[in-house]
1. One residue is enough: does segment 146-153 have a residue meeting the conditions basic (Lys, Arg) and surrounded by fewer than 17 Cβ atoms within 10 Å (Cβ to Cβ)?
2. Would you check which residues across segment 184-226 are over 26 Å from ALA157 (Cβ atoms), touching a Ser or Thr at 6+ places or on another chain (Cβ under 9 Å) and not aliphatic (A, V, I, L, M) and list them?
3. Among ALA186, ALA196, which is touching a residue at least 12 places away in the same chain (Cβ under 8 Å) and in a strand (DSSP E or B)?
4. Can you tell me which residue among SER174, SER215, SER207 is in a loop (DSSP other than H, G, I, E, B) and loosely packed, with under 15 Cβ neighbours inside 10 Å?
5. For the condition at pLDDT 95 or above and under 21 Å from ARG232 (Cβ atoms), what is the one hit in ARG58, ARG66, ARG78, ARG91?
6. Do we find that GLY202 is exposed (fewer than 12 other Cβ atoms within 10 Å of the Cβ) and of a type outside the set (Val, Ile, Thr) in this structure?
7. Would you tally the residues in segment 218-233 being closer than 16 Å to HIS31 by Cβ and part of a strand (DSSP E or B)?
8. Looking at segment 58-93 only, could you name the residues that are outside any strand (DSSP E or B), buried (at least 22 other Cβ atoms within 10 Å of the Cβ) and of a type in the set (D, E, K, R)?
Amino acid sequence: MSTLVGAWEENADDWTVWARRPGHDSYWRFHREVFLGLVPPPSGLTLDVGCGEGRVARDLAALGHRVVALDAAPTMARRTAEAGGLAGVLRADATALPVPDAAADLVVAFMSLHDMDDMAGAVREIGRVLRPDGRLCFAVVHPLSEAGRFRGEEADAEFVLAGDYFERRRTRFSTGKRGLPMTFEAMHRPLQDYFAALAAAGLLIESLREVRTSSGGQSDRIPWFVDARAVRI
């Protein structure tokens, strides 16, 4: 099985089209505003770790942040650089960031930590590059929503877990929406894994949100994402 970086490199072109169509996915519909509400005001250097095609980095730059975006997948880094508007774009593994100790005031990892084979190693590196009192703002797929499904389409359909919630496993989901194909590959981990990695890196959670959709349907009954802000102590 290929690495998760390899999987996202294979799907980089599809993701670029998918992510850049306004209104197409949860980022445009509701998630962007929730997440950006956690982000502190611009100050010093902001790193976007696992930037993908760069839409979050561009939104941060529009808010006044001096953003350096990083991604391990070469096509993702190239697409971000081509779009412009940032202080810099680097191709880099999240477990070996080419950034000095305590150089960043803010690190953003939006929907990227669950796409990394070594999530704990990436969080450890984030802790290294953050200055004391610097912040990490991150979002991941909520492990509960990833591990379960609704039994039917009815508004009151039962939501059930499939298999062992605590089992760490590679996931793959192919879909199509409005004529656009996309394959998502990630690593399912229980929520405690993320918090253990944060604690080991000297990062203390100061705000957490369980984000649900704004559709008004059955999907509003469970959290789809975890958004959090942590401080380097």
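1. Among the residues of segment 146-153, at least one is basic (Lys, Arg) and surrounded by fewer than 17 Cβ atoms within 10 Å (Cβ to Cβ), which makes the answer yes.
2. Within segment 184-226, GLU185 is the sole residue that qualifies.
3. Working: ALA196 fails: in a strand (DSSP E or B).
Checking each option against the conditions leaves just ALA186.
4. On the way: SER174 fails: in a loop (DSSP other than H, G, I, E, B); SER207 fails: in a loop (DSSP other than H, G, I, E, B).
Exactly one residue qualifies, and that residue is SER215.
5. Numbers: ARG58 fails: under 21 Å from ARG232 (Cβ atoms); ARG78 fails: under 21 Å from ARG232 (Cβ atoms); ARG91 fails: under 21 Å from ARG232 (Cβ atoms).
Going through ARG58, ARG66, ARG78, ARG91 in turn, the sole match is ARG66.
6. Numbers: exposed (fewer than 12 other Cβ atoms within 10 Å of the Cβ): no; of a type outside the set (Val, Ile, Thr): yes.
Spelling it out, it is not the case that GLY202 is exposed (fewer than 12 other Cβ atoms within 10 Å of the Cβ) and of a type outside the set (Val, Ile, Thr).
7. Going through segment 218-233, the residues closer than 16 Å to HIS31 by Cβ turn out to be 219-220, 222-229.
Okay, now just the ones that are also part of a strand (DSSP E or B), so 225-229.
Number of matching residues: 5.
8. Within segment 58-93, the first condition is being outside any strand (DSSP E or B), and the residues that meet it are 58-65, 72-87, 92-93.
When the remaining residues are screened for being buried (at least 22 other Cβ atoms within 10 Å of the Cβ), the result is 60, 65, 72-73, 76-77, 79-80.
Matches in segment 58-93: ARG79 only.
The values are calculated or read from the model by the stated rules, or taken from the named source; none is laboratory data. Every value quoted in this text rests on a predicted model; they were computed, and no experiment measured them. Don't worry about glycine lacking a Cβ; one is built from the backbone with ideal geometry, like all the others, and counts go over all protein chains shown.
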